[in-house]
Every structure is written in structure tokens, then in C-alpha cells.
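Q: Have a look at this one before I ask anything.
The values are calculated or read from the model by the stated rules, or taken from the named source; none is laboratory data. Since we're looking at a predicted model, the values are computed, not measured. Quick reminder, even Gly has a Cβ in these numbers, built from the backbone with ideal geometry, and neighbours come from all protein chains shown. All accessible areas refer to the heavy atoms of the entire protein, side chains included, with ligands and DNA or RNA removed. Shrake-Rupley method; radii C 1.70, N 1.55, O 1.52, S 1.80 Å.
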Amino acid sequence: YELGEAAAHLIGYVQSVTAEDLENHPGEGYSAESVIGRSGVEKLYEKQLKGKDGCDIKILDSDGEVKEVLASIFKEDGMDIRLTIDSDLQKSLYGQFKEDPGCSVAMNPYTGEVLALVSTPSYDNNDFIRGMSSEKWNALNEDASNPLMNRFVNTWVPGSTFKGITAAVGVDAGIINPDENLGYVGLSWQKDASWGDYHVTTLTDYGETVNLVNAMTYSDNIYFAREALKIGADTMEEKLKSFGFEEELPFDLPMQASTFDDDGKIDSEIQLADTGYGQGQVLVNPLHLLSMYSMFVNDGNMIQPVLKYEENAAAKIWKEQAVSAQTAQTVKQSLLSVIENPSGTGASAKIDGVTML
């Protein structure tokens, strides 16, 4: 495997078949000498990649020479499968984050082509086909950083990346007025005394004008908590479900479904407020997050991620008009300020000559 650790969780590996494999795949051309895909795309596309062994049934004479060929089955190679993955980007992301437990994903927001799926730390999938010692296997399993865990298929707390989603929900529902000034309430806030000791906090005092653009620019937790309370639990739940929460992502590799609560219901004002800035019980799959963000550059349509490369393939829409084109443009403008404004929390990511959300 040329990419080794950089793509081990994505590509996966093959191993020799077991007796159980032979029992589970009768009549599918496996023998005791076969290998079978165990994880990643090796497992996903096993049937296409496998191919078929060939054989001849012959009659030999006493000298071992072929006297007659009674039957032949010709060998068939497996299919070549081309992925949308950019191997240079895959290696670059792995190189930057290989020591940090986490994941990195990249997608073309206009076509849905997934360009990178990286889980770190990683392992070398070549070890599985070359033969792995019990010591190496035990070391991988006992490593506290869990290098065998595929993180990009799981869900994670989205944090401030979720503020764009809350903005889309509120603006599309006509509840968030982007120009409304909610007024400055300090760096620590609670709705009222019923919240007890609990407060929502934020880091930056950016002045008296507390509107959508400024709140996004300075990543104001309190603004999005207040707006989430205005949106209400019912509207928040309904809209998030329309964005694909609690739903299987239409993607070749199975991904864990995003959720906003462990029982499908936002249970309290505090949880709702925390949901507004990506905390509470919100858990999002990173590839799903990319699909949601694609609506901001596709007139409100969420693009379906794809892994298998097709020449001149047209983009597939997963959620048509997830929000209106006007909502998408409004939220996009506020997201631009996060990087384009020199005081924005993402300003350090700015690249001259490139416009970034």
C-alpha cells in the first residue's frame, strides 16, 4: 500500500481467508489460499476487486504431457477502482496531524468529490499483509492513542463550526435577523436565575454591536446561545433533521449518523442554548458537516459526498433547498468575515488571493 499510514483507515487491508470466511461465502470462488478485504475500501469493494481464479482440467499421459484439456476456466482480474481522493492532499494532512488524535476531511463543495479522509494517529496497513508479530499487534491495541480507531467515520462535538448551521436554521426560519443588535451582555451570561450556577461564556469583548456578522467573526458563544433560545427546541430539531441528522449519510463507506441529543429530544433551555454553539449533546460526523457547509456555496442545496471517481460526473444533491438561496448567501457572508476580517478568529488561515469561508 503506497500511502501506508497516511491512508490506512481509508484503504484498509486484506488478510488470508479463515474457515469462517469460507463458510460465509460459499460458491464465491474463495479457497484456502485466497485473501479477503478486512476493512476500508478493501472490504467495501471486495467483490469488484477480488477477480476470479482460473483452472484447467487435463488428461496427462504417462510422461506427464498434456493429452487432452477437458475444461478451462479463464482467470479474471479484479476491477480497477479509482477514488476521488487526492493522494498529495491525503499525505499532507496526515503529515501535519499525525501525532494528534483526530481526523481531517476535505471535499470539493461543488461536485461532492471527497479529496481526503484522514484518521490520526494511524498504523501501517502493509504490516497486515506482510505478517504482523504478536508483539506489534499487542502494541497497537494497547497504545493509549488508539491508532487502530477510524475517527473520520465517527461523530464528534462540532464546537464553533456549528455556529454556521445554527445561523442557517435561524435565518431560514425568519427568527434570526442578521442586522438585529442583541446588545452587549458581557463575557458571561445566563437567561435568568433558574439556570443556577450555569453560565454561557465567550472570550472576546468586541463592542456594543452584537449582530450576526460580528458574532460569527469573533465566535461569540453567547450570541448563538441566545439565538438558539429564540429558535426554540421544536424548530431546531425539525430543521436539523431536514439537514440529515439522525439519518444515514449516502456515502459508500458507512458513517455514524449525526445527532443533536442522545434520545432525539432537546430536553432543557440550557441544552438548547449550548446546542446553538455546537456543545450540549450535539455530535456531528465530519463528512456530514462538509455536506451541510456545501449549501452555502450551492444556493442552499446540500451536495452528496462521493468516493468513487467518475469522469465528468455531475454533482448529486442530497438535500435540495435545505435552506433558501438567500439564507445561504446571508450566512456565507458572515462566515467570510471569520477569515477575511483581520480580527476574525480564523484570520490566521487567510491565504492572499484566495477567498475562504
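Q: Please identify the GluC sites (Glu not before Pro) of region 99-138 that satisfy two criteria: DSSP loop assignment and at most 13 other Cβ atoms within 10 Å. Which are they?
A: Glu99
Q: Using the charge dipole of region 208-318 (Lys, Arg: +1 at Cβ; Asp, Glu: -1 at Cβ; taken about the Cα centre), state which of Leu249, Asn285, Val210 has its Cα farthest towards the positive end.
A: Value computed over the given set: Val210.
Q: Now for a separate question. Residue separation times 0.36 nm, minus the C-alpha to C-alpha distance between Glu340 and Asp267: what's the value?
A: The span from Glu340 to Asp267 would gain 22.6 nm if fully extended.
Q: Right, here's the next one. What accessible area per residue comes out for the chain, rounded to a whole number of Å², with a 1.4 Å probe?
A: 52
Q: Efficiency by 1/(1 + (r/R0)^6): what FRET value for Ser31 and Gln321, r their Cβ-Cβ distance, R0 = 51 Å, to the nearest 0.05?
A: 0.45
Q: Given a Förster radius of 45 Å and the C-beta distance between Asn154 and Phe74 as r, what FRET efficiency does 1/(1 + (r/R0)^6) yield to the nearest 0.05?
A: The value I calculate is 0.55.
Q: Between Leu3 and Asn24, how many nm apart are label points set 7 Å from Cα along the C-beta direction?
A: Modelled inter-label distance: 2.5 nm.
Q: With unit charges on the beta carbons (Lys and Arg positive, Asp and Glu negative) and the dipole taken about the Cα centre of region 139-281, which residue among Ile165, Gly196, Val185 sits farthest to the positive side?
A: About the Cα centre, the residue reaching furthest to the positive side is Val185.
Q: Follow-up. Could you please tell me the mean projected area of the C-alpha convex hull for region 65-207, averaged over all directions and given in square nanometres to one decimal?
A: That works out to 19.9 nm², a quarter of the Cα hull's surface.
Q: Okay, moving on. Between Ser348 and Ile129, 0.36 nm times their residue separation minus their Cα-Cα distance comes to what?
A: Gain in length upon complete extension: 74.6 nm.
Q: Next question. What is the chain's relative contact order, in percent, from Cα pairs under 8 angstrom and six or more apart in sequence?
A: In percent, rounded to a whole number, it is 16.
Q: For region 44-143, divide the Cα radius of gyration by the Kirkwood radius and give the resulting Rg/Rh value with two decimals.
A: Ratio of gyration radius to Kirkwood radius: 1.24.
Q: Could you check how much of the accessible area of the chain is carbon and sulfur, as a whole percent, using a 1.4 Å probe?
A: 48
Q: List the pairs from Lys230/Lys265; Lys239/Lys319; Lys98/Lys163; Lys91/Lys136; Lys47/Lys75; Lys163/Lys316 whose alpha-carbon separation is above 20 Å, in the order I gave them.
A: Lys98/Lys163; Lys91/Lys136; Lys163/Lys316
Q: If each of Asp100 and Glu246 carries a label point 7 Å out from its Cα toward its Cβ, how far apart are those two points in nm?
A: Computed distance between label sites Asp100 and Glu246 equals 3.3 nm.
Q: Tell me the relative contact order for region 179-298 as a rounded percent, counting alpha carbon contacts under 8 Å between residues six or more apart.
A: Once divided by the residue count of region 179-298, the mean separation gives 21 percent.
Q: Ranking request for peptides 60-69, 18-27: highest mean number of other beta-carbon atoms within 10 Å first, then the rest in descending order.
A: 18-27, 60-69
Q: Could you name the aspartates and glutamates in cross-link range of Lys191, using Cα to Cα under 18 Å and dropping any fewer than eight places away on the same chain?
A: The reachable aspartates and glutamates, counting only those whose Cα sits under 18 Å from Lys191, are Asp220, Glu227, Asp267, Glu269, Asp274.
Q: Rounded, prolate or oblate, given the Cα gyration tensor of the chain, with a/c below 1.5 counting as rounded?
A: prolate
Q: Follow-up. For the peptides 217-226, 188-197, what is the packing order when you average, over each peptide's residues, the other Cβ atoms within 10 Å and list the highest mean first?
A: 217-226, 188-197
Q: Then there is this: Can you tell me, using C-alpha contacts under 8 Å and at least 6 residues apart, the relative contact order of region 241-350 as a whole percent?
A: Dividing the mean separation by the residue count of region 241-350 yields 20 percent.
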